[in-house]
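Q: Dropping the structure in here first, questions after.
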Amino acid sequence: MSFTLSMTESKLIDACLANNRRAQKDLYDRYKDAMYTIAYRITGSYEEAEEVLQDAFLSIFRNLGQFRRESTLGAWIKTIVTRTALKKIKKKVYFDPIEDHHQREEFIDWGATRLDVDYLEKAINQLPEGYRAVFVLVEVEGYPHKEIAKMLDISEGTSKSQLFHAKKKLRTLLESYVQ
């Protein structure tokens, strides 16, 4: 059992800052699974998600003293992991600079059909990297287009367009599943 399980977040941070290795391991153990999931969803690769997790936690421990405690530790860690994952894929992703066309979303009535979570995850991973990154950031992680545009160095219109095309492609992939 973790010795820091009953520690408050603040005391855990203080113990990590004092270079307490057990506290550092416990902090890593508390967040590693959720952060790996975020990294995997953005990169679409198990190996790259592992690299992102490693790089992100190195950064987290190096910069923990700069954490101002204005948000939760989890939110701060999530931001670092997300940015590390985006930095990883940004080197190989090309975004078409398509401006916002005020696209109309179409909805599909699948009736009582339930989608398998694994299939949905596979369908998301089939999206081109740019589409997948924006889709995950907006629909899964809840980032606004303005923030995504800054993180990816694209326009808000491009972010919106990437999301529109991601949903369109995802809809096509999922339609073949339910038929």
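Q: 7 Å from Cα along Cα→Cβ at both Glu141 and Tyr28: what's the point-to-point distance in nm?
A: The two pseudo-label positions are separated by 2.2 nm.
Q: Taking 31 Å as the cut-off for C-alpha to C-alpha distance, list the pairs among Lys78/Lys122; Lys11/Lys90; Lys25/Lys160 that go past it.
A: Beyond 31 Å between Cα atoms: Lys11/Lys90; Lys25/Lys160.
Q: What's the FRET efficiency of Met7 with Glu156 using the Cβ-Cβ distance as r and R₀ = 41 Å, to the nearest 0.05?
A: 0.50
Q: Within a Cβ distance under 12 Å of Gln54, other residues only, what is the Lys/Arg minus Asp/Glu net charge?
A: Cβ neighbours under 12 Å give a net charge of -3.
Q: Among Glu70, Glu141, rank each residue by its count of other Cβ atoms within 10 Å, from fewest to most, as a rough exposure measure. Each step should come with its number before you reach the end.
A: On the way: Glu70 7, Glu141 15.
Lowest to highest Cβ neighbour count: Glu70, Glu141.
Q: Before anything else, pin down the relative contact order of the stretch 117-178: Cα pairs under 8 Å, at least 6 apart, normalised by residue count, whole percent. Before the final figure, lay out each step's value.
A: Values: 40 pairs, mean separation 24.0, N = 62.
Result for the stretch 117-178 is 39 percent.
Just so you know, all these numbers are worked out from the coordinates, no wet-lab data involved. These numbers come from a predicted model, not from an experiment. Note that each Cβ is placed from the backbone with ideal geometry, even for glycine, and that neighbours are counted across all protein chains shown.
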